[in-house]
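Worksheet: the structure to be examined is printed underneath.
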Amino acid sequence: MVTSSSTVAIGSWRLEPSVWFVLRSVCIELEPVEAVGATMNGDRMTPDRIAAAGNALASAKTVFVVTGAGISAESGIPTFRGAGGLWEGFRAEELATPAAFEASPERVWRWYLWRREQYHACPPNVGHWALRSLSLSGRQCLIATQNVDGLHRHVGHGDDELVELHGCIEKMHCTRCGRRASLPPVASSPPGELPTCRECGGLMRPHVLWFGESYWDGVLERAAAFAQHADVCLVVGTSAQVWPPIQLALFAQQQGATLIDINPEPTELSNRADIYLRARGGEALSALLEAAGVPLSMPEPEAAG
Ligand code: APR
């Protein structure tokens with residue numbers, strides 16, 4: 001984790017100067033969401049939009065994908081914002097900040113282990129499988145996810161196709177030496193004692209990016225390097241409230257990608273997208289694959305998950 005004084009703050013998030021330099025060119029004023037809603041209310045996935053998005057995808061060799069909590073909503077995982085969202089029942093600053101961990105590592109660990117247990121009961125949904133099918137279709141794909149639930153991994157995306165921008169709930173890292181490790185299997189949690197580093201004895205913490213922290217070294221750079229050459233950029237299920245992932249999408253668009261936003265509720269990004277599909281992730285992605293002539297491959301319902 002880099003926390004140099006030369007980092008650039010965007011809200012409560014920080015970027016290293018090199019990445020900020022690349023991305024700041026797309027740091028533009030987005031339209032307020034009310035204005036977007038006014039023009040898009042009533043529109044859903046019109047056939048012409050699906051056809052246009054399908055055409056773009058059919059001819060794309062390189063696809064950059066940004067996902068947010070919405071893609072996992074159909075798996076039963078609550079989103080963060082809005083009615084029923086995680087941040088409605090919990091205060092982020094009391095749980096997802098370095099100060100919260102310092103004040104009570106036990107409390108923070110309990111919350112993450114509780115969330116992890118919930119995630120284990122939630123299988124990937126058709127949206128995850130559609131993205132996997134896309135990468136199996138011969139196109140080069142990179143998924144930059146804001147989610148820590150690991151569901152993209154569950155369907156088979158490896159490190160070469162995945163950037164976990166905000167970390168992963170299955171991992172932890174040492175607060176002293178930074179060493180990363182996997183959490184023990186769910187059955188053995190919650191741990192009787194707080195986990196410590198095998199190498200240096202330091203306290204381990206969830207490998208999740210908290211509010212006010214810098215992105216880990218190389219994470220945004222890797223995503224931006226791929227985004228730069230993308231033919232299509234798909235954004236699925238994010239409220240566009242956290243800037244760096246959205247800037248990656250806008251950067252891809254600025255560099256020539258067709259930007260397709262999928263969300264049942266319009267966000268500030270929707271109006272900037274070349275094509276906005278107002279629908280749930282699973283519904284829109286399966287329609288998109290069909291329009292692009294990409295077969296959807298997923299296990300039979302009883303075997304799913
Ligand atoms: N399909 C697609 N999108 C959906 C669906 C669905 N079935 N259901 C809800 N959504 C949309 C909502 O309309 C909303 O715009 O998903 C979005 C979820 O927004 P957030 O809860 O804000 O999640 P996200 O954008 O991923 O949050 C970004 O904020 O709290 C931090 O670190 C946390 O990674 C998270 C980041």
(message) At 7 Å along Cα-to-Cβ for each site, give me the label-to-label distance between residue 136 and residue 229 in nm.
(response) 2.5
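Assuming R0 = 22 Å, what is the FRET efficiency of residue 58 and residue 160, from their Cβ-Cβ distance, to the nearest 0.05? Could the numbers behind the result be given before it?
On the way: r = 24 Å, r/R0 = 1.07.
That pair, residue 58 with residue 160, gives E of 0.40.
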(request) Evaluate the distance, in nm, between pseudo-label points positioned 7 Å from the Cα of residue 118 and of residue 274 along their respective Cα→Cβ axes. (result) 3.7
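What does the highest-first list of 229-239, 280-290, 134-144, 92-102 look like by mean Cβ count within 10 Å? Walk me through the numbers before you get to the answer.
Values: 229-239: 26.0, 280-290: 22.1, 134-144: 19.7, 92-102: 16.5.
Those peptides, ordered most packed to least, come out 229-239, 280-290, 134-144, 92-102.
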(request) Given the peptides 111-118, 193-200, 53-60, arrange them by the average over their residues of other C-beta atoms within 10 Å, most packed first. (result) 53-60, 111-118, 193-200
(request) Estimate the FRET efficiency between residue 297 and residue 93 by the formula 1/(1 + (r/R0)^6), using the beta-carbon distance for r and 51 Å for R0, to the nearest 0.05. (result) 0.75
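Every read-out reported here was derived from the displayed coordinates using simple, explicitly stated rules and does not represent laboratory data. On a predicted model such as this, the values are computed, not experimentally measured, just so you know. Don't worry about glycine lacking a Cβ; one is built from the backbone with ideal geometry, like all the others, and counts go over all protein chains shown.
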